[in-house]
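Student: Provided herewith is a single structure, encoded as structure tokens, for subsequent inquiry.
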Amino acid sequence: MESINLIPSFLPIGISSPPALFVFFLTFTFFLHIIFVNLTLGGSLLLLTSKYISKVYGDNNYNMIAEELGYLNTFNISLTVTTGVAPLLFIQTIYGNFFYTSSVLLSFKWLFVLAAVIFAYYFYYLYKMKPLYIRYSGGKGIIFIVFAALLFLYVAFMLVSNTVLSTHPEAWKEVYLNKRAFFDLPTLLPRYIHFVFAATAFAGLFLMVYSRMKKSFSKELKEKMYSFGKKSFFIVTLAQIPVGIWLLLSHEKEIMMLLMGGSLLGTISFIIALVAAISALVVIMLKKDNIYLLTGIGVAIIIFMVLIRRVIENGYFSKYVNIYNMETNPQWGIFAIFLLLLLAVLGIIGFTLFKINRELKPKNK
């Protein structure tokens, strides 16, 4: 197959740990990363939606929801970037020969991703701080969130494009010769739409939970935020059904069957993710306000969707290379240091979330 000849060789020095460890940490760190990606992208889209509702219906509660989302996203963006470093390094280690080639083929469009994130970050701070004339303008700087949302949508599109293109070496030559557009790959468009919808739904779920935890909000604002999050999650999740079917059918049959009996992990993950999404819809329809249940369901959906992604991408890559046969040159001392630092970071994050949860709970009188 000609496409095999286009794939660069692995580095002859070998990797510093067994491939299974890199796969595990790639999956785990990507899970952490995608949580903040969803909050950033989905939060931006819900911010614009709430601003629109506020303007059309004159309800200041939705304006306050938008302001809160703008405030939170300045933190979410930084956490998105920070947590994105590790999975990027892991994927470059085990799939670098695929990832670098697709990055080169995307050329300046891929390089602009970094600039897009930086500009979007600054736009958010302009909206948050509202300096100079922005503070007294009628729109209160909402145009900056429009720009930021468009940039984040662009970044998401390029990340999906790079991922899809890296798994299709057979298309590289035609893309390089300009005989085929990179966005012509069959799974790209449904995967991108699925990605954006998932981010929006998760951001809606987050608003539901956040409205019940934030003790400083008025009762009316809490109810409006909860209702807005619930409707966003419910509507977008329903829209995910046809998009998900489209995405599933866009894969080659052998890849699609990995989720339907071809792979134990893929099949179990697909079933659990589907059941979890349906369960979330049922909980909302029954008007259950158990934030811990909703949080658990939301996290479970992300975990098993990440596992589905791992199974599908491995299915594509395994046609060309078996990463578990890569040459290794273990350096366990460095790995031990990495593991200790990772556990320390996770401990700090866990303690921080525990303190935040305590602060947000209403005090007993």
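Derivation of every value follows stated rules applied to the coordinates shown; laboratory data play no part. It should be emphasised that the depicted structure is a prediction, and the values quoted were computed from it without experimental measurement. Positions of Cβ are backbone-derived with ideal geometry, glycine not excepted, and every protein chain shown enters the neighbour counts.
Student: To one decimal place, what orientation-averaged projected area in nm² is obtained for the convex hull of the Cα set of the chain?
Tutor: 21.2 nm²
Student: Could you give the DSSP H helices of the chain that reach 30 angstrom or more along their long axis (alpha carbon positions) and whose average Kyte-Doolittle hydropathy is no lower than 1.0?
Tutor: 19-57, 108-129, 142-166, 188-213, 264-285, 291-317, 332-360
Student: On to the next question. With point charges of +1 on the Cβ of Lys and Arg and -1 on the Cβ of Asp and Glu, referenced to the Cα centre of the chain, which listed residue (PHE351, HIS194, LEU89) lies farthest in the positive direction of the dipole?
Tutor: PHE351
Student: Another question, if that's okay. First check a/c for the stretch 40-177, with a ≥ b ≥ c the square roots of the eigenvalues of its C-alpha gyration tensor; if it is under 1.5, answer rounded, and if not, answer prolate when a/b is larger than b/c or oblate otherwise.
Tutor: In terms of gyration-tensor shape, prolate.
Student: Counting other C-beta atoms within 10 Å, and keeping those with at most 10, which DSSP coil trypsin sites (Lys or Arg not before Pro) do you find in the stretch 292-356?
Tutor: none
Student: Continuing with this model, one more query. For the chain, what relative contact order do you get, as a whole percent, if you take Cα pairs closer than 8 Å and at least 6 residues apart?
Tutor: 23 percent
Student: So which aspartates and glutamates pass the test for LYS51, namely a Cα distance under 19 Å, with those fewer than 8 places away in the same chain ruled out?
Tutor: Straight-line reach from LYS51, under 19 Å: ASP59, GLU67, GLU68, GLU220, GLU223.
Student: What does the charge dipole of the stretch 2-325 about its Cα centre add up to, to the nearest 20 debye, if the Cβ of each Lys and Arg holds +1 and the Cβ of each Asp and Glu holds -1?
Tutor: 1000 debye
Student: In terms of the Cα gyration tensor, with a ≥ b ≥ c the square roots of its eigenvalues, is the stretch 187-330 rounded because a/c is under 1.5, prolate because a/b exceeds b/c, or oblate?
Tutor: prolate
Student: From the helices alone, meaning DSSP H stretches of at least four residues, give me the mean residue ellipticity at 222 nm for the chain, per-run term -39500 (n - 2.57), in deg cm²/dmol to the nearest 500.
Tutor: Per the formula, -27000 deg cm²/dmol.
Student: Shape of the stretch 286-330 from its Cα gyration tensor (a ≥ b ≥ c, root eigenvalues): rounded if a/c is under 1.5, otherwise prolate when a/b > b/c, or oblate?
Tutor: Because a/c hits 1.5 or more and a/b fails to exceed b/c, the stretch 286-330 counts as oblate.
Student: Next up: Assuming R0 = 22 Å, can you tell me the calculated FRET efficiency for the pair PHE75 and GLU223, based on Cβ-Cβ distance, to the nearest 0.05?
Tutor: Result of the calculation: an efficiency of 0.35.
Student: Then there is this: For the stretch 248-322 and the stretch 138-185, write down the distance between their C-alpha centroids in whole Å.
Tutor: 24 Å
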